[in-house]
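Take a look at the structure below.
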Amino acid sequence: MSLLEIRGLTKAFNGVTVLDGVDLDVEAGSVTVLVGPSGSGKSTLLRCINHLETPDAGTIAVDGSLVAYRRDGDLLRELPERAIAPQRRRIGMVFQQFQLFGHMTALANVIEAPVGVLGVPRREAIERGRALLARVGLEGREDAYPRQLSGGQQQRVAIARALAMEPTLMLFDEPTSALDPALVGEVLEVLRDLAAGGTTMVVVTHEIAFARDVADTVVVLGDGRIEHSGPPAEVLDDRSVRVA
Amino acid sequence: MTSLAAPEAPPGSPPRTVRSRHVGRWVWAALVVVLVVWALRSVALNPAFGWGTVAQYLFTTAVLHGLATTLLLTVATTVLGFLLGIGLAAMRLSGNPVLSSVSWGYVWLFRSTPLLVQLLFWYNIGALYPKLSLGIPFGPTFFSIDSVNLVSVLVAALLGLILHEAAYAAEIVRGGILSVDAGQSEAAVSLGMTRARVLRRIVLPQAMRSIIPATGNMVIGTLKGTSIVSVIAVTDLLYSVQTIYDRTYEIIPLLLVATVWYVILTSILSVGQYYVERYYARGAERTLPPTPLQRLRRSFR
């Protein structure tokens with residue numbers, strides 16, 4: 001059984017089909033990179049996984065249990081908010097626009113959910129938060145507010161914040177697209193490091209070189225369908241594949 | 001052959017710049033200073049202002065008592081009005097169409113009628129509902145009480161002010177919440193927070209930055225607005241001085257007594273607003289601006 005199993009995922013916005021029966025399996029400890037031209041449904045697929053978007057049809061299961069739904073015969077009934085929240089704690093998400101909490105320091109961003117949601121003792125959370133910030137190369141910047149950090153630094157704090165919940169699955173939605181070219185490298189470096197450490201990751205990106213280096217599987221989306229899927233060498237070197 | 005070079009400067013040092021003289025500024029400044037001094041002098045020396053009488057009444061028990069009532073009304077109206085307003089804003093922004101519509105209807109109704117009219121309604125509540133009872137709607141009643149006994153003039157004033165304030169506070173809070181990027185909520189929800197927690201920990205603290213200036217306006221408006229309760233005979237600051245001048249006919253000096261107190265209180269509130277704003281600017285600006293005190297200290301160093 002795969003860690004993430006998606007079957008027949010379908011989603012339309014105002015009658016425009018964005019996802020059209022997507023099947024996807026992600027094995028524990030693997031890195032899956034989603035590529036494809038803009039508007040091909042990559043972000044929507046990612047956002048369906050932690051239920052930021054509501055799919056029209058299809059199932060998403062993490063670790064064998066359906067996310068945000070329970071099966072009722074032929075139907076999937078949406079769970080109440082309080083039942084979805086615990087499921088989301090196991091799924092980390094990193095956004096294109098970082099979305100750090102602007103009124104909190106870097107460290108406060110990282111410990112907010114462990115303390116407030118999981119009930120980790122503050123002292124312990126701070127210790128782990130410092131370690132996580134050090135891991136993404138931000139030792140000494142614990143007390144900086146997001147506005148005092150560069151884009152690359154903010155995105156690394158955002159990664160530390162997601163990791164602080166010890167998720168079983170990490171989702172990255174174009175984590176480097178909002179960054180200056182000079183800052184892309186430092187964020188990709190953290191992603192490489194996580195991949196090497198065995199974190200299960202699904203990454204939406206336009207960084208083909210990163211996909212080639214780090215991905216176990218490259219999935220190419222086009223018009224809401226999976227057009228190609230396989231090891232990077234196979235998919236990216238195929239001249240017929242439209243990846244961006 | 002003509003040279004294109006600038007006029008000769010002493011070798012080695014670049015030419016010094018000189019600011020242009022603002023002659024007009026000096027003329028206008030002098031004119032305005034003369035006008036202000038003239039106005040202040042007339043206020044100070046015109047015996048009709050009766051500054052002696054003002055000083056005499058400023059700290060009398062009746063005036064201080066009225067002042068306390070005004071403060072009580074302001075604090076209660078602001079605190080309870082805003083609590084109700086936050087609830088109304090949450091209802092309006094909720095996905096529940098009934099709650100949302102009811103909230104909209106509330107704001108519509110209480111903003112559509114003058115506060116004075118609302119106060120008069122509450123003052124006369126006994127004519128509308130002679131008895132108030134506690135029970136289950138359309139069901140049994142547990143106990144009931146005559147309205148006139150429960151709704152004193154002070155309670156009528158509080159009800160009117162709070163319910164009116166809540167309508168405006170709801171819009172201020174809603175505006176503040178809408179000013180926070182929706183991505184902030186998504187990020188918080190992705191961390192497994194519940195909606196209520198997201199609102200309390202993530203959205204509201206950031207919304208405060210745009211809520212505070214509007215709230216400052218509201219509090220100062222409320223402080224002065226409470227003087228309207230004098231029409232239903234609540235002994236607030238204005239009503240207290242009115243009671244005195246009805247007896248002594250020293251109308252202007254006693255209105256000045258009220259004015260002086262209103263100015264003192266609004267000044268305190270304005271300074272308070274500055275510091276509250278500064279507190280909520282954490283993270284929103286790279287470095288906080290110095291407080292006036294810090295600025296003062298720095299200039300003496």
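Quick note: the coordinates plus some simple rules give every number you see, no bench work behind them. Keep in mind that what you see is a predicted model, and the values were worked out from it rather than measured. Using ideal geometry, Cβ is built from the backbone for each residue, glycine included, and neighbour counts are taken over all protein chains shown.
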Compute a Gaussian network model of chain B, connecting alpha carbons closer than 10 Å, and tell me which residue from B:60, B:194, B:113 fluctuates the most. B:194
Would you please give the FRET efficiency between residue B:260 and residue A:234, computed as 1/(1 + (r/R0)^6) with r the Cβ-Cβ distance and R0 = 60 Å, to the nearest 0.05? 0.10
Amide N proximity, segment A:101-133 versus residue A:139 label position 7 Å along Cα-to-Cβ, cut-off under 17 Å: A:107, A:127-133
Say the dipole of segment A:55-169 comes from +1 at the beta carbon of Lys and Arg and -1 at that of Asp and Glu; which of A:159, A:104, A:79 then lies farthest toward its positive end? A:104
At a Förster radius of 30 Å, what calculated FRET efficiency corresponds to the Cβ-Cβ distance of residue A:59 and residue A:12, to the nearest 0.05? 0.95
Whole-number percent relative contact order across segment B:119-209, with pairs defined as alpha carbons under 8 Å at least 6 apart: 23 percent
Distance between Cα centroids, segment A:147-201 to segment B:167-234: provide it in whole Å. 33 Å
Geometric extent, Cα atoms of chain B - Rg, Dmax (angstrom): 27.9, 109
Within 10 Å of each candidate Cβ there may be at most 14 other Cβ atoms; applying that plus a DSSP loop requirement, which GluC sites (Glu not before Pro) in segment A:24-87 survive? A:27
Run the quick spin-label model on residue B:96 and residue B:33: label points 7 Å from Cα toward the beta carbon, then report their separation in nm to one decimal. 6.4 nm
If the chain between residue A:148 and residue A:180 were fully stretched, how many nm would it gain, using 0.36 nm times the residue separation less the Cα-Cα distance? 9.9 nm
Loop sites only, by DSSP: take the GluC sites (Glu not before Pro) in chain B that have at most 16 other C-beta atoms within 10 Å and name the longest stretch containing none of them. B:9-284
Can you tell me how segment B:162-301 classifies by the Cα gyration tensor, rounded, prolate or oblate, using a/c under 1.5 as the rounded cut? oblate
What the Cα atoms of segment A:130-212 span along the principal axes, largest first and in whole Å, is 35, 29, 17
Rank B:180, B:198, B:63 by mean-square fluctuation in a GNM of chain B with C-alpha springs under 10 angstrom and give only the top-ranked residue. B:198
Chain B, Gaussian network, Cα under 10 Å: of B:272, B:52, B:192, the residue fluctuating most is B:192
Please list, or write none, the lysines whose alpha carbon is within less than 30 Å of the alpha carbon of residue A:11, excluding same-chain residues fewer than 8 places away. A:42
Cα gyration tensor of the protein assembly as shown - equivalent ellipsoid semi-axes, whole Å, descending: 58, 39, 20
Segment A:122-169: GluC sites (Glu not before Pro) in DSSP coil with no more than 11 other Cβ atoms inside 10 Å: A:139
Expressed in nanometres to one decimal, the distance between label points 7 Å along Cα→Cβ at residue B:45 and residue A:209 is 8.3 nm
Scan chain B and report its longest stretch carrying no chymotrypsin sites (Phe, Trp or Tyr not before Pro) that are both in a DSSP loop and have at most 14 other Cβ atoms within 10 Å. B:139-248
Using a simple spin-label model with points 7 Å from Cα along the Cα→Cβ vector, what separation in nm is obtained for residue B:138 and residue A:82? 2.7 nm
Computed on Cα atoms, Rg of chain A relative to 2.2 N^0.38 Å comes out at 1.01
Paramagnetic reach from residue B:233 (point 7 Å along Cα→Cβ, amide N under 11 Å) across segment B:159-201: none
